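Working notes for the structure below.
The values are calculated or read from the model by the stated rules, or taken from the named source; none is laboratory data. This is a predicted model, so every value here is computed, not measured. Neighbour counts run over all protein chains shown; Cβ positions are idealised from the backbone, glycine included.
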Amino acid sequence: MRSVKIVLGLGNPGHEFESTRHNLGAKALSVDCDRRGLRLVPSLRSRSLLAEYRDGLDVVAFAFPQTYMNNSGEALKGLMRRYKLSSASDLVVVHDELDLPPGVVRIKSGGGVAGHNGLKSIVAGFGSSEFVRVRIGIGRPIGSQSVVDYVLARLGSRDMATFDGSINLAADALDVILAKGVELAMNEFNGN
């Protein structure tokens, strides 16, 4: 029997958003695709950059929604129709997380959205919050900087380099989730 999983790397499309904290999920997705020799290509029907990994009958669809973060659920709806996704455990969302310090990666199954508009849209589009999340810590803004300005601020190469380790760690976590399941991945990555 064929199994299908969808992995969403959240972020905003466009060059101006590439080096922002809000695009770390999309960056981790891209790293995992590169490791597999996959290329993300535009898919109008799913409103995403999309790559498919096939292992026999099993399919993993890697997608970077091009609907902007706050409308990620709209892209998910197209992906769900295309791949006939039915189980919450078959959806993995990789995203930035204010409530974790920079450099920390955690895996979670289900839960709230903690004010993350991309996750709010995913929950609305999916109809459930019981999907798997790979959370990449970005910490909270210091001082009077707004959260919006903080997550959308362009980072210089030195600042971006501080997140390189967590981007790669999130891609490692994705590999374990897809190969061994979420429980084993949580045991491996949440104990650090």
Those residues of the stretch 17-71 which are under 25 Å from residue 105 (Cα atoms), of a type in the set (Asp, Glu) and out of contact with any helix residue (DSSP H, G or I) (no Cβ under 7 Å at 6 or more places or on another chain) amount to 18, 34, 52
Only one of (1) at pLDDT below 95; (2) under 15 Å from residue 134 (Cα atoms); (3) assigned to a strand (DSSP E or B) does not apply to residue 111, and that is (3)
Within the stretch 150-176, restricting to residues that are among the charged types (D, E, K, R) and surrounded by fewer than 15 Cβ atoms within 10 Å (Cβ to Cβ), the one that is farthest from the chain's Cα centre (by Cα) is 158
If we keep only residues of the stretch 95-121 that are closer than 12 Å to residue 72 by Cα and touching a Gly at 6+ places or on another chain (Cβ under 7 Å), then the residue surrounded by the fewest Cβ atoms within 10 Å (Cβ to Cβ) is 121
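A quick yes/no check of all residues on (1) within 17 Å of residue 137 (Cβ to Cβ); (2) touching a residue at least 60 places away in the same chain (Cβ under 8 Å); (3) over 15 Å from the mean Cα position of the chain (by Cα):
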| site | (1), (2), (3) |
| --- | --- |
| 20 | yes, yes, no |
| 32 | no, yes, no |
| 36 | no, no, yes |
| 40 | no, no, no |
| 83 | no, yes, yes |
| 86 | no, no, yes |
| 95 | yes, yes, no |
| 107 | yes, yes, no |
| 120 | no, no, no |
Exercise for review: Return a yes/no flag: does the stretch 83-92 have any residue that is out of contact with any His (no Cβ under 7 Å at 6 or more places or on another chain), within 19 Å of residue 135 (Cα to Cα), surrounded by fewer than 18 Cβ atoms within 10 Å (Cβ to Cβ) and polar (S, T, N, Q).
Suggested key: yes
Scanning the stretch 22-74 for residues that are under 18 Å from residue 93 (Cα atoms) and among the hydroxyl-bearing types (Ser, Thr, Tyr), the one surrounded by the most Cβ atoms within 10 Å (Cβ to Cβ) turns out to be 72
Looking across the stretch 122-135 at residues that are under 13 Å from the mean Cα position of the chain (by Cα) and outside any loop (DSSP other than H, G, I, E, B), the single one that is surrounded by the most Cβ atoms within 10 Å (Cβ to Cβ) is 134
Scanning the stretch 72-94 residue by residue, those under 14 Å from residue 125 (Cβ atoms), hydrophobic (A, V, I, L, M, F, W, C) and in contact with a Gly (Cβ under 6 Å, 6 or more places away or on another chain) turn out to be 76
Within the stretch 22-73, of all residues that are among the aromatic types (Phe, Trp, Tyr) and touching a Pro at 6+ places or on another chain (Cβ under 9 Å), the one nearest to residue 103 (Cα to Cα) is 64
Taking the stretch 56-75 and the residues there that are of a type outside the set (Gly, Ala, Ser) and assigned to a loop (DSSP other than H, G, I, E, B), the one that is farthest from residue 10 (Cα to Cα) would be 57
Residues in the stretch 183-192 that are surrounded by 12 or more Cβ atoms within 10 Å (Cβ to Cβ) and farther than 14 Å from residue 105 by Cα total 1
